[in-house]
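Notes follow once the structure below has been shown.
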Amino acid sequence: AAAKAEEPKKETPAEKAKARGNKAYSSGNYEDAIDHYTDALQLDKMNPVLFSNRSAAYSGAGQMQSALNDAQKCINLKPMWSKGYVRKAVALVGLNKKEMAISAYQDALKWEPNNASVLDSLAVLKGDKKPEG
């Protein structure tokens, strides 16, 4: 028998932890988000999205070396996904490694050449454009 369409898919414990992490992150509670993503990663160790999300949370918390480490794990797991390179670039900017950050943004563009946000960040880093805000 076919499953009923309105039956919700059971969320795994890792997905629940990720959802808690996303909620904490969007509220600016980066430390809590890091904890939730870490919990999720203990249950789903090879998930590049979790490494990407935790990298963003580490960046938000100002823990740039940890952000860089997670970005690199994300890239190792999913090298053709631009998000890992973006996370890496953000961490490198935070570590004052501008040239390496430019290179990471260029790597992101190999997989997503028309990403406006990446093109924008790259232009700002190169000094071709003033940051907004």
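Values for this structure:
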{"quantity": "Restraint check, 83/110; 83/126; 97/130; 45/88; 73/129; 45/110, Cα-Cα greater than 22 Å", "calculated": "73/129; 45/110"}
{"quantity": "Most fluctuating residue given options 52, 82, 26, as computed from a GNM of the chain linking Cα atoms under 10 Å", "calculated": "26"}
{"quantity": "Estimated distance in nm for a label pair at residue 99 and residue 38, the labels positioned 7 Å out from Cα along Cα-to-Cβ", "calculated": "3.5"}
{"quantity": "Residues of the chain: accessible area per residue with a 1.4 Å probe, Å²", "calculated": "61"}
{"quantity": "Protein accessible area in the chain, 1.4 Å probe - carbon and sulfur %", "calculated": "52"}
{"quantity": "Scattering profile of the chain at q = 0.13, 0.15 Å⁻¹ [log10 I(q)/I(0), Debye over alpha-carbon scatterers]", "calculated": "-0.58, -0.73"}
{"quantity": "The chain: most fluctuating residue of 108, 116, 71 per GNM, C-alpha cutoff 10 Å", "calculated": "116"}
{"quantity": "C-alpha long axis of helix 64-77 to longest principal axis of the chain, angle in °", "calculated": "70"}
{"quantity": "Cα-based helix-to-principal-axis angle, 82-94 vs the chain, degrees rounded to 10", "calculated": "50"}
{"quantity": "Bins of 5 Å from zero: percent of alpha-carbon pairs in the range 75-133", "calculated": "4, 22, 31, 25, 13, 3, 1"}
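The values are calculated or read from the model by the stated rules, or taken from the named source; none is laboratory data. Values in this document were obtained by computation on a predicted structure and should not be read as measured data. Note: ideal-geometry Cβ built from the backbone for every residue, glycine included; neighbour counts use all protein chains shown. What goes into the accessible areas is simple: the full protein's heavy atoms, side chains included, and nothing from ligands, DNA or RNA. Shrake-Rupley method; radii C 1.70, N 1.55, O 1.52, S 1.80 Å.
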